[in-house]
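The values are calculated or read from the model by the stated rules, or taken from the named source; none is laboratory data. Given the structure is predicted, the values throughout are model-derived calculations rather than measurements. Every residue, glycine as well, gets a Cβ built from its backbone with ideal geometry; the counts of neighbours run over all protein chains shown. Please note that ligands, DNA and RNA were not included when accessible areas were found on the heavy atoms of the full protein model with its side chains. Shrake-Rupley method; radii C 1.70, N 1.55, O 1.52, S 1.80 Å.
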Amino acid sequence: MSDENRVNSDVVDKLNDYVDKNPVEEDSESNIEITKNSTHLHSTHEDDEVNVLQENVDEELLPKREETGIEKDSLLENEKNNTIVLEEQDNSKDIESVQDKQETDSKLPFKLTLDDDSFIVHPLIEHIPDELEYTCFESYEQNLYLGTESGDLLHYFEIEKSNYMLVSQTKFNSEFNKPIDKIILLPNIERALLLSNNTLTQFLLPEFAPAPNTENIANISYLLLKSYSTNSNSYKILLFLENEVNEYRITQTSTNLVRRYPWKSISEASLCDKSMMIARSNHYELIQARSKEVTPLFKVSESDEPLKPIISSNNGTGFNVVTGGTSIDSTAMVFKVNKSGEIDSGNLVLDRYPDSVLSKSPYLIVNFNNNEIHIYKEVTNGDSALIQIIKSQSKFNICESFKQFECSNIEEAKKIKSLVTEKLRLVPLEEDNGDIFRINGENSYINSLFKLSTSMLLYGKAGIYLLIQKPGILRFDKYDEKEIENVRGYIGSLRGDLTKYQQIEKEYLTALKILLYTLHNAAIDEKIISKWYQVAELVDIRLLLYLLDMEYYGNLCIFNGLKKFIENLKLLKLIHKVKDKISLITLLNRKLINCSKREEIRDYNNVMKSIEMNLFHLLTENNKEITTDMFIEPILNEILLILQEEPEKYSVLLKKIYLEKHNYTELITLFKNEGNAQEILDLIVTKFSELPKAYTANELIEDLIYIINSLPLNNEIIKKTLSVVEKANFNINDFTDKLTSNVEVKVAVIEHIGAKSEVNKEFLLRYYLANFQKELELNNLWENLGKYASEYTSDLNYYKSSLSDFLLIKLKYDSIFNDFLNYIQQIKLLCKDETVDNSNIRLVLDDIKKIDIGNLLLMLFLMPEFIGISDILISSDELLSMYMLYNDFLNIERYLKVETFLKVFNHYLSFSGTPDGVKTVITFLKRNCNTIVDNNMLVKIFELLPDNFSVMSLFDVLFPIIKKREGIKHKYYLEKALARNELTSYSNTLNHFKCQE
């Protein structure tokens, strides 16, 4: 026996065994949701191409739903918690009305056998030419295209929502009446491929006019779309000829043959990734594109006249392949064949051979030639159950269109959408005041997500109809224990990448399931807690606390469809099912406190707060020990707030919790509230390395200021405080700048560290000057200063010390001036390293002038630190007058000039009536003889001398001056004579030259 015959024999044996063991089921409960169009294209890694017969469409090829601007969370963000009452919801009448309408509507050429999870059929175009037999259908944007047996191509256009008009009916080839076998759309390059009479022709989209500059390709038996490349914006197609398969690349401007394959006589084919299922000569075979390996499988049928092969994609996992018996009326089987050629489980037995098969996970839709369409759904272990039969009055074809058709305008769809929205919209658990804006917002949100749409269509002489599956969420309106399995089965069917609507649907049913578990279990124990934990990311655990009469935090919203059920559960007082509330809440807390899915749990913080605050109250009410590891950090803070409401009562516990959790900042706050600055300082010094960085960066400096302002001021406190400032790398000047509330503290700190900044220097200067002035006023120091100044002035000793030195010596031995001198010393130190602009010295002198009497204070401050800049700050004439006032002879000499010599001389003559005065005048003349610059000045001196001055007493002073003046005069005369002689010589020489000429 050949391998081929062996394979076919095995298949027949399997088919017969399966029929015996698995009779066809007529009705089984099941569910589906129609969502996005399953498609034609998906991306591949080779040449950035998109493989054609896959389930996930490229997003750019699908009509995109406009995103709603309403977000569910934001709609209910500020809603308060509410309470409402429940009766069992019953949507069966609404569903039955839709079903009855389908069965009784005389306009529909169908009779539907329905159950709770059935499809509905709605006309898209009811009236199309009934004299034609239709072979294929496609849609693009607002355009529909129908191919016929006679070669007519019908083009319909949507002139308004769901209203189509026939815009053209064109004979594909006027010379023949050959059927249009296939239409394939290439939307990205706005082209369509049409196969008729074994000839491939290209058309323009959307008008379906012949594409220019293209040639027809003849002798084509079959056509497949292989891939799309985003890089080159081109499609690859496979054209099946008698002796080979040709691969073409099509762009907007060209059609080029790129590859040939030696595969002959193929009549049907389907692609899945790099595998291709084909049919030829009554056999199915699997070809691996890369290895070119061909695997024989089984026969199409056992008939002498082979049946038409049927191959369809099985949702991107492989292929659905139909094999039959001896005739079309014989039993047939749909095999699920994977990409490796292996037959998977879950194969389907049919009572006759079908016309076509369409796979739409988890459904398989089978079209028979007896005007019946059977819909099967995959149930357990990959097996399928018949859930619906659609019987039509005439022959219909079934297809999956490129376009997704929304069904919002039909009456049945509107009613279904209203039921779904009412069930799935969120409402506050308590205090629902019927806010119309919130209700409308939620309705809009669900409406924006729920799209009753389909890409599956029925078409034939009686029109074009949408095959729409009703949402399974509407069937769940019972609350007995049996419903748990039904809900669980439906949730299991929601697999893969879910849409937003499917996710909401899953959340609703998961909530229903866990509530049913809670209701029907004898006790609310560890088993129930584990079930709640397992679905914590989908169902809010605070709902369980509400049912157990416990407090919850945050906004808790529930699905409106579950509202009355929850209210009825609340009335049952489920708390009586709980034996040990503390153990139960502790278990729930332990599961959630370190769970891996905490990021997925909505409002996790309020969920944990609700659990742990209830645990805290249970522990305190029952006088149980509380440890910090029972609570997460945010909730521990909440508990601390409660403890802090009675700090005297819970002081020890508060400090213990803070220390155990290393919450030093909270502990510092507690100490501060108690006014315990010393404890704060000790804590900061000993635990500095453990303090949070955020605290040391932002709050520490304020606490140090609080400490140093609160504690008795001494060097130890200042030293500890400044050590922390240094450890924290604070700028010491910034720290002192913040010490504004206590001037004495600021002064002490700056004195301790030294005034290094100009700002701190100025602050200390002003402080010392202010206290300096205060000392003058409080102790009446002016009297003594005046006495000492008078004593100095009357002393005519030319070589006496300066007035400032004299006063400082006197004051040093007068105890009343101790603080006064201390301030002067501090000011001297601050002015020692003066800046270039002398700003501090200017400040001192300006302040002194405001309170000075007779310039005495100014004279005190003309200390060595000021010498050299005094003539900048005070004019030399002003300084001269000051020194003359107090007979500060040596300082007078410093500012003596030619212009002021006679003024000073005349001042000295005023007290020349005494021997000491005469001695002073003579000493002055001797020390400053160089200042007498001319005879007139000398004559003036003689004129001013009083009679009591003898010539002999002045001889030693005046003779050197006169001699010097005569020497200068004699030198002048000599220089004049020499100049005259030189001038005469030049004149004689000039005259001699003139004579020679």
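So the values come out like this:
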item	result
Any hit, the stretch 430-443, residues being part of a loop (DSSP other than H, G, I, E, B), touching a residue at least 40 places away in the same chain (Cβ under 8 Å), of a type in the set (D, E, K, R) and within 22 Å of I601 (Cα to Cα)	yes
Number of positions in the stretch 735-750 that are touching a residue at least 24 places away in the same chain (Cβ under 8 Å) and open to solvent by 40 Å² or more (accessible area, probe 1.4 Å)	5
Only listed residue being charged (D, E, K, R) and over 25 Å from W263 (Cα atoms), chosen from E215, E190, E244	E190
Residue under evaluation N320, criteria (1) out of contact with any Cys (no Cβ under 8 Å at 6 or more places or on another chain); (2) within 24 Å of S394 (Cα to Cα), criterion not met	(2)
Residue within the stretch 551-574 that is aromatic (F, W, Y), farther than 20 Å from P428 by Cβ, part of a helix (DSSP H, G or I) and open to solvent by less than 40 Å² (accessible area, probe 1.4 Å) present	no
Positions within the stretch 398-415 being assigned to a strand (DSSP E or B) and either more than 22 Å from L186 (Cβ to Cβ) or acidic (D, E) (or both), in sequence order	I398, E400, E406
2 or more residues open to solvent by less than 50 Å² (accessible area, probe 1.4 Å) and farther than 22 Å from K339 by Cβ: qualifying strands (runs of 3 or more DSSP E) within the stretch 204-292	234-240, 245-250
Single residue of I585, I639, I611 found to be assigned to a helix (DSSP H, G or I), open to solvent by less than 20 Å² (accessible area, probe 1.4 Å) and at pLDDT below 90	I639
Positions within the stretch 879-934 being in a loop (DSSP other than H, G, I, E, B) and either open to solvent by 50 Å² or more (accessible area, probe 1.4 Å) or in contact with a His (Cβ under 7 Å, 6 or more places away or on another chain) (or both), in sequence order	K897, S910, G913, T914, V933, D934
Residue list for the stretch 514-525, restricted to those being under 38 Å from the mean Cα position of the chain (by Cα) and open to solvent by 30 Å² or more (accessible area, probe 1.4 Å)	none
Matching residues in the stretch 488-503 - criterion: being in contact (Cβ under 8 Å) with a residue 24 or more places away in the chain and more than 16 Å from R475 (Cα to Cα)	T499, K500, Y501
Some residue of the stretch 821-832 being under 25 Å from I892 (Cα atoms) and open to solvent by 30 Å² or more (accessible area, probe 1.4 Å)	yes
Every pair of residues 6+ apart whose Cβ atoms lie under 8 Å, when the first sits in the stretch 769-789 and is closer than 19 Å to I809 by Cα while the second is basic (K, R) and surrounded by 13 or more Cβ atoms within 10 Å (Cβ to Cβ)	Y788/K810
Residue in the stretch 844-856 that is modelled with pLDDT of 85 or more, of a type outside the set (D, E, K, R), open to solvent by 40 Å² or more (accessible area, probe 1.4 Å) and out of contact with any helix residue (DSSP H, G or I) (no Cβ under 7 Å at 6 or more places or on another chain) present	no
Meets criteria (modelled with pLDDT of 90 or more and farther than 25 Å from E131 by Cα) for S234	yes
Residue under evaluation F817, criteria (1) open to solvent by less than 20 Å² (accessible area, probe 1.4 Å); (2) in contact with a Ser or Thr (Cβ under 9 Å, 6 or more places away or on another chain); (3) aromatic (F, W, Y), criterion not met	(2)
Residue list for the stretch 772-795, filter: modelled with pLDDT under 90 and of a type in the set (K, R)	K774
Checklist (1) modelled with pLDDT of 90 or more; (2) basic (K, R); (3) within 22 Å of K417 (Cα to Cα); (4) open to solvent by 20 Å² or more (accessible area, probe 1.4 Å) applied to K478, failing item	(1)
Long-range neighbours under 6 Å by Cβ, at least six apart or interchain, first residue touching a residue at least 40 places away in the same chain (Cβ under 8 Å) within the stretch 358-376, second in a strand (DSSP E or B) and open to solvent by 40 Å² or more (accessible area, probe 1.4 Å)	P362/E378
Where K470 falls short, out of the listed (1) farther than 30 Å from K395 by Cβ; (2) open to solvent by less than 20 Å² (accessible area, probe 1.4 Å)	(1)
Failed criterion for S741 (all others in (1) within 19 Å of Y767 (Cα to Cα); (2) touching a Leu at 6+ places or on another chain (Cβ under 9 Å); (3) polar (S, T, N, Q) hold)	(2)
Unique match (being open to solvent by 10 Å² or more (accessible area, probe 1.4 Å) and closer than 22 Å to M277 by Cα) among V337, V357, V321	V357
Test: residue in the stretch 303-322 that is more than 48 Å from the chain's Cα centre (by Cα), outside any loop (DSSP other than H, G, I, E, B) and among the basic types (K, R)	no
Strands (runs of 3 or more DSSP E) (entirely within the stretch 144-200) containing at least 2 residues that are open to solvent by less than 30 Å² (accessible area, probe 1.4 Å) and either over 24 Å from S227 (Cβ atoms) or not small (G, A, S) (or both)	152-160, 180-186, 191-196
Every residue from the stretch 689-713 that is at pLDDT 85 or above and outside any helix (DSSP H, G or I)	L691, P692, E699, L711, P712
Unmet criterion (only one of (1) more than 25 Å from F671 (Cα to Cα); (2) open to solvent by 80 Å² or more (accessible area, probe 1.4 Å)) for S757	(2)
